[in-house]
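The values are calculated or read from the model by the stated rules, or taken from the named source; none is laboratory data. Please read all numbers here as calculations on a predicted model, not as lab measurements. Note: ideal-geometry Cβ built from the backbone for every residue, glycine included; neighbour counts use all protein chains shown. Accessible surface is based on the protein model in full, side chains and every heavy atom, while ligands, DNA and RNA are left aside. Shrake-Rupley method; radii C 1.70, N 1.55, O 1.52, S 1.80 Å.
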Amino acid sequence: MTSSSTGAAVARPAGSLAAPAQRTSLVLFALAMGGFAIGTAEFAVMSLLPYFSVGLGVDGPTAGHVISAYALGVVAGAPVIAVLAAKLSRRTLLIGLMAAFAITNSLSALAPTYGWMLVFRFLSGLPHGAYFGVAALVAASLVPKNRRSQAVARVMLGLTISTILGVPLANWLGLALGWRWGFGVVAALALLTVILVAAFAPKDRPQPGASPLRELGALRHRQVWLTLAIGAIGFGGMFAVYTYVASTLMEVTHVAPGMVPVVLAIFGLGMTVGTLVSAWAADRALMPSVGGILLWSAASLALFPLAAGNIWTVSIVVFMIGCGGGLGTPLQTRLMDVAEDAQTLAAALNHSAFNLANALGPLLAGMAIASGYGWTSTGWVGSALALGGFAIWLLTLWDMQASKAGRATLVPGE
(Lines give C-alpha, C1' and ligand atoms only; values in the text may rest on other atoms or scores of the structure.)
Protein backbone atom coordinates (compact mmCIF):
# COMPACT_ATOMS: atom_id res chain seq x y z
CA MET A 1 0.00 0.00 0.00
CA THR A 2 1.41 3.39 -0.93
CA SER A 3 1.60 6.44 1.29
CA SER A 4 -1.06 8.21 -0.67
CA SER A 5 -3.47 5.33 -0.47
CA THR A 6 -2.83 5.05 3.23
CA GLY A 7 -3.55 8.74 3.69
CA ALA A 8 -6.80 8.40 1.81
CA ALA A 9 -7.76 5.42 3.93
CA VAL A 10 -7.20 7.46 7.04
CA ALA A 11 -9.21 10.38 5.73
CA ARG A 12 -12.31 8.23 5.09
CA PRO A 13 -11.60 4.67 6.17
CA ALA A 14 -14.12 1.91 6.02
CA GLY A 15 -16.18 2.05 9.19
CA SER A 16 -14.92 5.53 10.01
CA LEU A 17 -16.61 7.71 12.58
CA ALA A 18 -17.59 10.28 9.98
CA ALA A 19 -20.14 12.58 11.59
CA PRO A 20 -22.52 15.06 9.93
CA ALA A 21 -20.72 18.31 9.21
CA GLN A 22 -22.64 20.23 11.88
CA ARG A 23 -21.49 17.75 14.56
CA THR A 24 -17.81 17.62 13.62
CA SER A 25 -16.91 20.60 15.82
CA LEU A 26 -18.72 19.06 18.80
CA VAL A 27 -16.85 15.77 18.33
CA LEU A 28 -13.52 17.58 18.12
CA PHE A 29 -14.39 19.64 21.20
CA ALA A 30 -15.18 16.49 23.18
CA LEU A 31 -11.89 14.91 22.11
CA ALA A 32 -10.00 18.11 22.91
CA MET A 33 -11.45 18.12 26.43
CA GLY A 34 -9.69 14.81 27.00
CA GLY A 35 -6.50 16.45 25.79
CA PHE A 36 -7.14 19.29 28.23
CA ALA A 37 -7.46 16.82 31.12
CA ILE A 38 -4.36 14.87 30.12
CA GLY A 39 -2.32 18.00 29.46
CA THR A 40 -3.26 19.45 32.83
CA ALA A 41 -2.20 16.20 34.50
CA GLU A 42 1.06 15.88 32.61
CA PHE A 43 2.30 19.44 32.89
CA ALA A 44 0.73 20.42 36.22
CA VAL A 45 2.79 17.74 37.98
CA MET A 46 5.91 19.53 36.78
CA SER A 47 4.66 22.88 38.04
CA LEU A 48 3.59 21.33 41.38
CA LEU A 49 6.95 19.64 41.89
CA PRO A 50 8.25 22.20 44.43
CA TYR A 51 5.11 21.65 46.55
CA PHE A 52 4.61 17.90 46.53
CA SER A 53 8.36 17.28 46.99
CA VAL A 54 8.02 18.99 50.37
CA GLY A 55 4.72 17.28 51.12
CA LEU A 56 6.12 13.82 50.40
CA GLY A 57 9.45 14.50 52.08
CA VAL A 58 11.82 14.23 49.07
CA ASP A 59 14.15 16.65 47.28
CA GLY A 60 13.44 18.21 43.87
CA PRO A 61 15.43 15.83 41.63
CA THR A 62 13.96 12.81 43.44
CA ALA A 63 10.44 14.22 43.08
CA GLY A 64 11.15 14.48 39.34
CA HIS A 65 11.05 10.68 39.20
CA VAL A 66 7.28 10.94 39.72
CA ILE A 67 7.13 12.63 36.31
CA SER A 68 9.25 9.89 34.80
CA ALA A 69 6.95 7.24 36.34
CA TYR A 70 3.95 8.80 34.57
CA ALA A 71 5.87 8.96 31.31
CA LEU A 72 6.90 5.31 31.58
CA GLY A 73 3.26 4.43 32.17
CA VAL A 74 2.43 6.09 28.85
CA VAL A 75 5.29 4.25 27.13
CA ALA A 76 4.06 0.91 28.45
CA GLY A 77 0.33 1.50 28.23
CA ALA A 78 0.00 2.88 24.71
CA PRO A 79 1.15 -0.19 22.74
CA VAL A 80 -0.38 -2.74 25.13
CA ILE A 81 -3.81 -1.09 25.13
CA ALA A 82 -3.72 -0.42 21.37
CA VAL A 83 -3.03 -4.09 20.65
CA LEU A 84 -5.34 -5.67 23.24
CA ALA A 85 -8.22 -3.31 22.44
CA ALA A 86 -7.91 -3.68 18.66
CA LYS A 87 -11.41 -5.18 18.34
CA LEU A 88 -13.16 -2.49 20.39
CA SER A 89 -14.95 0.42 18.79
CA ARG A 90 -13.05 3.67 19.06
CA ARG A 91 -15.86 5.43 20.94
CA THR A 92 -16.04 2.68 23.56
CA LEU A 93 -12.28 2.68 23.95
CA LEU A 94 -12.11 6.46 24.41
CA ILE A 95 -14.78 6.38 27.13
CA GLY A 96 -13.04 3.54 28.98
CA LEU A 97 -9.64 5.21 28.81
CA MET A 98 -10.87 8.49 30.27
CA ALA A 99 -12.80 6.72 33.02
CA ALA A 100 -9.58 4.96 34.03
CA PHE A 101 -7.74 8.29 33.88
CA ALA A 102 -10.26 9.85 36.26
CA ILE A 103 -9.87 7.01 38.77
CA THR A 104 -6.07 6.95 38.78
CA ASN A 105 -5.78 10.71 39.19
CA SER A 106 -8.17 10.55 42.12
CA LEU A 107 -5.84 8.00 43.68
CA SER A 108 -2.86 10.32 43.02
CA ALA A 109 -4.62 13.05 44.96
CA LEU A 110 -4.88 10.67 47.94
CA ALA A 111 -1.34 9.22 47.75
CA PRO A 112 -0.06 8.83 51.33
CA THR A 113 3.66 8.37 50.53
CA TYR A 114 6.19 9.00 47.79
CA GLY A 115 6.21 5.29 46.92
CA TRP A 116 2.45 5.20 46.40
CA MET A 117 2.65 8.39 44.35
CA LEU A 118 5.09 6.65 41.98
CA VAL A 119 2.66 3.75 41.59
CA PHE A 120 -0.40 5.95 41.00
CA ARG A 121 1.40 8.19 38.51
CA PHE A 122 2.54 5.13 36.54
CA LEU A 123 -1.07 3.86 36.44
CA SER A 124 -2.30 7.33 35.43
CA GLY A 125 0.02 7.27 32.45
CA LEU A 126 -1.32 3.99 31.03
CA PRO A 127 -4.39 5.47 29.22
CA HIS A 128 -2.62 8.60 27.94
CA GLY A 129 -1.01 7.42 24.70
CA ALA A 130 -3.87 5.21 23.59
CA TYR A 131 -6.36 8.05 24.15
CA PHE A 132 -4.45 10.55 22.05
CA GLY A 133 -3.70 7.97 19.37
CA VAL A 134 -7.33 6.92 18.97
CA ALA A 135 -8.58 10.51 19.26
CA ALA A 136 -6.22 11.57 16.46
CA LEU A 137 -7.53 8.81 14.19
CA VAL A 138 -11.12 9.79 14.92
CA ALA A 139 -10.33 13.45 14.16
CA ALA A 140 -8.58 12.55 10.90
CA SER A 141 -11.55 10.41 9.84
CA LEU A 142 -13.84 13.45 9.95
CA VAL A 143 -12.02 15.60 7.37
CA PRO A 144 -10.41 15.36 3.91
CA LYS A 145 -6.80 14.18 3.67
CA ASN A 146 -5.38 17.66 3.11
CA ARG A 147 -6.77 18.82 6.46
CA ARG A 148 -5.69 15.88 8.63
CA SER A 149 -2.96 17.74 10.50
CA GLN A 150 -5.28 20.62 11.31
CA ALA A 151 -7.97 18.24 12.60
CA VAL A 152 -5.39 16.46 14.78
CA ALA A 153 -4.17 19.88 15.94
CA ARG A 154 -7.67 20.76 17.15
CA VAL A 155 -7.54 17.71 19.41
CA MET A 156 -4.03 18.61 20.55
CA LEU A 157 -5.17 22.17 21.28
CA GLY A 158 -6.86 20.73 24.35
CA LEU A 159 -3.41 19.80 25.62
CA THR A 160 -1.81 23.13 24.70
CA ILE A 161 -4.65 25.20 26.16
CA SER A 162 -4.29 23.20 29.34
CA THR A 163 -0.84 24.73 29.70
CA ILE A 164 -2.44 28.19 29.53
CA LEU A 165 -5.44 27.57 31.79
CA GLY A 166 -5.34 24.15 33.44
CA VAL A 167 -1.73 24.11 34.59
CA PRO A 168 -1.71 27.64 36.08
CA LEU A 169 -5.00 26.79 37.83
CA ALA A 170 -3.52 23.59 39.27
CA ASN A 171 -0.39 25.50 40.26
CA TRP A 172 -2.49 28.17 41.97
CA LEU A 173 -4.50 25.52 43.81
CA GLY A 174 -1.25 23.87 44.87
CA LEU A 175 -0.05 27.16 46.31
CA ALA A 176 -3.35 28.18 47.90
CA LEU A 177 -4.97 24.91 49.02
CA GLY A 178 -2.35 22.19 48.69
CA TRP A 179 -0.92 20.15 45.82
CA ARG A 180 -3.52 17.36 46.15
CA TRP A 181 -6.21 19.67 44.77
CA GLY A 182 -4.34 19.84 41.47
CA PHE A 183 -4.88 16.11 40.90
CA GLY A 184 -8.50 16.43 42.00
CA VAL A 185 -9.13 18.98 39.23
CA VAL A 186 -7.66 16.55 36.69
CA ALA A 187 -9.99 13.77 37.82
CA ALA A 188 -12.99 16.09 37.42
CA LEU A 189 -11.89 17.08 33.90
CA ALA A 190 -11.47 13.43 32.93
CA LEU A 191 -14.99 12.64 34.16
CA LEU A 192 -16.33 15.57 32.13
CA THR A 193 -14.61 14.12 29.05
CA VAL A 194 -16.33 10.77 29.59
CA ILE A 195 -19.69 12.57 29.52
CA LEU A 196 -18.85 14.64 26.42
CA VAL A 197 -17.50 11.73 24.38
CA ALA A 198 -20.51 9.60 25.28
CA ALA A 199 -22.80 12.44 24.21
CA PHE A 200 -21.16 13.61 20.99
CA ALA A 201 -18.83 10.98 19.52
CA PRO A 202 -20.66 9.01 16.80
CA LYS A 203 -21.32 5.39 17.57
CA ASP A 204 -19.04 3.19 15.51
CA ARG A 205 -18.16 -0.42 14.91
CA PRO A 206 -14.72 -2.00 15.32
CA GLN A 207 -12.53 -1.52 12.25
CA PRO A 208 -13.03 -4.31 9.66
CA GLY A 209 -10.38 -6.99 10.05
CA ALA A 210 -8.98 -5.39 13.20
CA SER A 211 -6.88 -7.73 15.34
CA PRO A 212 -3.88 -7.59 17.66
CA LEU A 213 -1.77 -9.27 14.98
CA ARG A 214 -2.63 -6.66 12.37
CA GLU A 215 -1.79 -3.84 14.77
CA LEU A 216 1.58 -5.40 15.50
CA GLY A 217 2.26 -5.12 11.77
CA ALA A 218 3.21 -1.47 12.33
CA LEU A 219 6.45 -2.67 13.88
CA ARG A 220 7.61 -4.08 10.53
CA HIS A 221 8.13 -0.67 9.00
CA ARG A 222 11.49 1.06 9.46
CA GLN A 223 9.96 4.50 8.80
CA VAL A 224 7.61 3.99 11.76
CA TRP A 225 10.57 3.37 14.06
CA LEU A 226 12.51 6.35 12.71
CA THR A 227 9.52 8.67 13.12
CA LEU A 228 9.05 7.48 16.69
CA ALA A 229 12.74 8.02 17.40
CA ILE A 230 12.53 11.64 16.23
CA GLY A 231 9.87 12.28 18.87
CA ALA A 232 11.53 10.21 21.61
CA ILE A 233 14.80 12.15 21.36
CA GLY A 234 13.87 15.50 19.85
CA PHE A 235 10.93 16.23 22.15
CA GLY A 236 13.02 15.44 25.22
CA GLY A 237 14.60 18.86 25.05
CA MET A 238 11.39 20.71 25.85
CA PHE A 239 10.65 18.47 28.83
CA ALA A 240 14.22 18.86 30.13
CA VAL A 241 13.59 22.57 30.66
CA TYR A 242 9.87 22.62 31.44
CA THR A 243 10.15 20.09 34.27
CA TYR A 244 12.41 22.39 36.26
CA VAL A 245 11.23 25.78 35.01
CA ALA A 246 9.28 26.54 38.22
CA SER A 247 12.34 25.80 40.35
CA THR A 248 14.57 27.79 37.99
CA LEU A 249 12.26 30.80 38.17
CA MET A 250 12.38 30.78 41.97
CA GLU A 251 16.06 29.87 42.44
CA VAL A 252 17.71 31.73 39.53
CA THR A 253 15.31 34.40 38.31
CA HIS A 254 14.17 35.02 41.91
CA VAL A 255 10.54 35.71 41.04
CA ALA A 256 7.73 35.66 43.57
CA PRO A 257 5.82 32.35 43.65
CA GLY A 258 2.78 34.11 42.20
CA MET A 259 4.69 34.85 38.97
CA VAL A 260 5.32 31.18 38.23
CA PRO A 261 1.80 30.50 36.88
CA VAL A 262 2.14 33.55 34.61
CA VAL A 263 5.30 32.23 32.99
CA LEU A 264 3.74 28.78 32.69
CA ALA A 265 0.81 30.37 30.86
CA ILE A 266 3.27 32.07 28.51
CA PHE A 267 4.76 28.66 27.74
CA GLY A 268 1.26 27.36 27.03
CA LEU A 269 0.55 30.28 24.71
CA GLY A 270 3.71 29.44 22.79
CA MET A 271 2.70 25.79 22.59
CA THR A 272 -0.73 26.75 21.25
CA VAL A 273 0.74 29.01 18.59
CA GLY A 274 3.29 26.35 17.67
CA THR A 275 0.61 23.67 17.33
CA LEU A 276 -1.53 25.80 15.02
CA VAL A 277 1.36 26.95 12.84
CA SER A 278 2.97 23.51 12.60
CA ALA A 279 -0.35 21.90 11.61
CA TRP A 280 -0.87 24.47 8.86
CA ALA A 281 2.68 23.92 7.63
CA ALA A 282 2.49 20.11 7.88
CA ASP A 283 -0.56 19.97 5.60
CA ARG A 284 1.62 21.67 2.97
CA ALA A 285 5.15 20.32 3.57
CA LEU A 286 5.17 17.59 6.20
CA MET A 287 8.79 16.51 6.64
CA PRO A 288 10.36 19.98 6.15
CA SER A 289 8.06 21.20 8.95
CA VAL A 290 9.43 18.53 11.30
CA GLY A 291 13.04 19.50 10.59
CA GLY A 292 12.31 23.20 11.02
CA ILE A 293 10.63 22.69 14.39
CA LEU A 294 13.60 20.67 15.69
CA LEU A 295 16.08 23.40 14.72
CA TRP A 296 13.84 26.06 16.27
CA SER A 297 13.72 24.04 19.50
CA ALA A 298 17.49 23.54 19.60
CA ALA A 299 18.11 27.28 19.26
CA SER A 300 15.43 28.28 21.78
CA LEU A 301 16.64 25.81 24.40
CA ALA A 302 20.23 26.99 23.99
CA LEU A 303 19.07 30.53 24.81
CA PHE A 304 17.43 29.48 28.09
CA PRO A 305 20.59 29.54 30.27
CA LEU A 306 21.43 32.99 28.93
CA ALA A 307 17.95 34.36 29.56
CA ALA A 308 17.14 32.83 32.96
CA GLY A 309 18.45 35.74 35.03
CA ASN A 310 15.76 38.20 33.96
CA ILE A 311 11.99 37.75 34.04
CA TRP A 312 11.45 39.51 30.71
CA THR A 313 14.06 37.62 28.74
CA VAL A 314 13.19 34.26 30.29
CA SER A 315 9.51 34.80 29.48
CA ILE A 316 10.33 35.41 25.81
CA VAL A 317 12.51 32.32 25.62
CA VAL A 318 9.93 30.18 27.44
CA PHE A 319 7.39 31.26 24.80
CA MET A 320 9.84 30.23 22.07
CA ILE A 321 10.44 26.86 23.73
CA GLY A 322 6.69 26.35 23.97
CA CYS A 323 6.36 26.90 20.21
CA GLY A 324 8.53 23.81 19.73
CA GLY A 325 5.71 21.78 21.26
CA GLY A 326 4.08 21.87 17.83
CA LEU A 327 6.27 18.90 16.86
CA GLY A 328 3.62 16.38 17.94
CA THR A 329 1.06 17.08 15.24
CA PRO A 330 3.30 16.63 12.16
CA LEU A 331 4.75 13.42 13.56
CA GLN A 332 1.23 12.09 14.24
CA THR A 333 0.29 12.75 10.61
CA ARG A 334 3.54 11.21 9.39
CA LEU A 335 2.74 7.99 11.23
CA MET A 336 -0.64 7.85 9.50
CA ASP A 337 1.24 7.79 6.19
CA VAL A 338 3.78 5.09 7.02
CA ALA A 339 1.88 2.68 9.32
CA GLU A 340 -0.35 1.20 6.58
CA ASP A 341 -3.08 -0.96 8.22
CA ALA A 342 -1.73 -0.72 11.78
CA GLN A 343 -3.01 2.79 12.41
CA THR A 344 -4.07 2.48 16.05
CA LEU A 345 -0.82 1.06 17.36
CA ALA A 346 1.32 3.52 15.40
CA ALA A 347 -0.78 6.48 16.56
CA ALA A 348 -0.58 5.34 20.18
CA LEU A 349 3.15 4.68 19.94
CA ASN A 350 3.63 8.32 18.94
CA HIS A 351 2.64 9.29 22.47
CA SER A 352 4.78 6.53 23.92
CA ALA A 353 7.67 8.17 22.09
CA PHE A 354 6.82 11.61 23.41
CA ASN A 355 6.58 10.32 26.94
CA LEU A 356 9.82 8.45 26.58
CA ALA A 357 11.09 11.95 25.86
CA ASN A 358 9.20 13.09 28.96
CA ALA A 359 11.13 10.51 30.97
CA LEU A 360 14.49 11.04 29.28
CA GLY A 361 14.53 14.84 29.35
CA PRO A 362 13.85 15.28 33.07
CA LEU A 363 16.16 12.39 33.92
CA LEU A 364 19.16 13.85 32.06
CA ALA A 365 18.39 17.39 33.22
CA GLY A 366 18.03 16.20 36.81
CA MET A 367 21.39 14.46 36.56
CA ALA A 368 22.98 17.69 35.32
CA ILE A 369 21.47 19.66 38.22
CA ALA A 370 22.46 17.02 40.79
CA SER A 371 26.01 17.03 39.39
CA GLY A 372 26.35 20.70 40.27
CA TYR A 373 25.87 22.32 36.86
CA GLY A 374 22.97 24.44 38.12
CA TRP A 375 19.31 24.86 37.26
CA THR A 376 20.04 26.54 33.94
CA SER A 377 22.00 23.54 32.66
CA THR A 378 18.65 22.09 31.63
CA GLY A 379 18.78 24.36 28.57
CA TRP A 380 22.03 22.84 27.29
CA VAL A 381 20.70 19.32 27.90
CA GLY A 382 17.52 20.21 26.04
CA SER A 383 19.33 21.72 23.07
CA ALA A 384 21.48 18.61 22.71
CA LEU A 385 18.37 16.40 22.68
CA ALA A 386 16.68 18.56 20.02
CA LEU A 387 19.78 18.30 17.85
CA GLY A 388 19.76 14.54 18.39
CA GLY A 389 16.20 14.48 17.05
CA PHE A 390 17.31 16.53 14.05
CA ALA A 391 20.07 14.00 13.32
CA ILE A 392 17.46 11.22 13.27
CA TRP A 393 15.30 13.37 10.97
CA LEU A 394 18.23 13.54 8.53
CA LEU A 395 18.61 9.76 8.75
CA THR A 396 14.89 9.40 8.04
CA LEU A 397 15.19 11.49 4.86
CA TRP A 398 18.17 9.42 3.73
CA ASP A 399 16.25 6.20 4.33
CA MET A 400 13.26 7.53 2.37
CA GLN A 401 15.48 8.32 -0.59
CA ALA A 402 17.29 4.98 -0.39
CA SER A 403 13.97 3.11 -0.29
CA LYS A 404 12.66 5.09 -3.25
CA ALA A 405 15.83 4.34 -5.24
CA GLY A 406 15.50 0.66 -4.38
CA ARG A 407 11.92 0.53 -5.65
CA ALA A 408 12.93 2.31 -8.85
CA THR A 409 15.60 -0.36 -9.42
CA LEU A 410 13.10 -3.18 -8.87
CA VAL A 411 10.48 -1.52 -11.09
CA PRO A 412 12.27 0.17 -14.03
CA GLY A 413 10.62 3.37 -15.12
CA GLU A 414 8.83 4.00 -11.78
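A single member of Ala240, Ala190, Ala229, Ala201 is open to solvent by 10 Å² or more (accessible area, probe 1.4 Å) and under 28 Å from Ser106 (Cα atoms), and it is Ala201. Determine if the range 205-213 includes at least one residue that is assigned to a loop (DSSP other than H, G, I, E, B), over 22 Å from the mean Cα position of the chain (by Cα) and charged (D, E, K, R). Scanning the range 205-213, I find at least one residue that is assigned to a loop (DSSP other than H, G, I, E, B), over 22 Å from the mean Cα position of the chain (by Cα) and charged (D, E, K, R), so the answer is yes.
Is it true that Ile103 is buried (at least 24 other Cβ atoms within 10 Å of the Cβ) and aliphatic (A, V, I, L, M)?
Judged against the criteria, Ile103 is not a match.
Checked against (1) assigned to a helix (DSSP H, G or I); (2) under 19 Å from Pro261 (Cα atoms), Ala139 passes all but a single condition, namely (2). When Tyr114 is tested against (1) open to solvent by 20 Å² or more (accessible area, probe 1.4 Å); (2) within 18 Å of Thr344 (Cα to Cα), exactly one condition is not met: (2).
Residue count for the range 348-393 satisfying the condition of being outside any helix (DSSP H, G or I) and polar (S, T, N, Q): 1.
Scanning the range 277-290 for residues that are buried (at least 19 other Cβ atoms within 10 Å of the Cβ) and either of a type outside the set (Ser, Thr, Tyr) or not in a helix (DSSP H, G or I) (or both) yields a count of 5.
Quick one: is Val54 over 17 Å from Thr104 (Cβ atoms) and free of Cβ contacts under 8 Å to residues at least 60 places away in the same chain? So Val54 fits the description; yes.
The listed residues are Gly158, Gly77, Gly166, and the only one of them that is part of a helix (DSSP H, G or I) and either free of Cβ contacts under 8 Å to residues at least 24 places away in the same chain or over 20 Å from Ala30 (Cβ atoms) (or both) turns out to be Gly77.
Scanning the range 206-226 for residues being open to solvent by less than 20 Å² (accessible area, probe 1.4 Å) and either modelled with pLDDT of 80 or more or among the charged types (D, E, K, R) (or both) gives a total of 2.
Taking the conditions exactly as written (at pLDDT below 85, more than 13 Å from the chain's Cα centre (by Cα) and under 26 Å from Val277 (Cα atoms)), does Asp341 satisfy them or not?
No.
Ala109 satisfies every condition listed in (1) surrounded by 17 or more Cβ atoms within 10 Å (Cβ to Cβ); (2) more than 19 Å from Gly184 (Cα to Cα) except (2).
How many residues does the range 370-405 contain that are modelled with pLDDT under 95, open to solvent by 60 Å² or more (accessible area, probe 1.4 Å) and in contact with a Pro (Cβ under 7 Å, 6 or more places away or on another chain)? Within the range 370-405, residues that are modelled with pLDDT under 95, open to solvent by 60 Å² or more (accessible area, probe 1.4 Å) and in contact with a Pro (Cβ under 7 Å, 6 or more places away or on another chain) number 1. Could you list, in sequence order, the residues of the range 161-180 that are surrounded by fewer than 18 Cβ atoms within 10 Å (Cβ to Cβ) and modelled with pLDDT of 80 or more? Of everything in the range 161-180, those that are surrounded by fewer than 18 Cβ atoms within 10 Å (Cβ to Cβ) and modelled with pLDDT of 80 or more turn out to be Leu165, Arg180.
Within the range 39-74, the set of residues being assigned to a loop (DSSP other than H, G, I, E, B) and modelled with pLDDT of 75 or more comprises Leu56, Val58.
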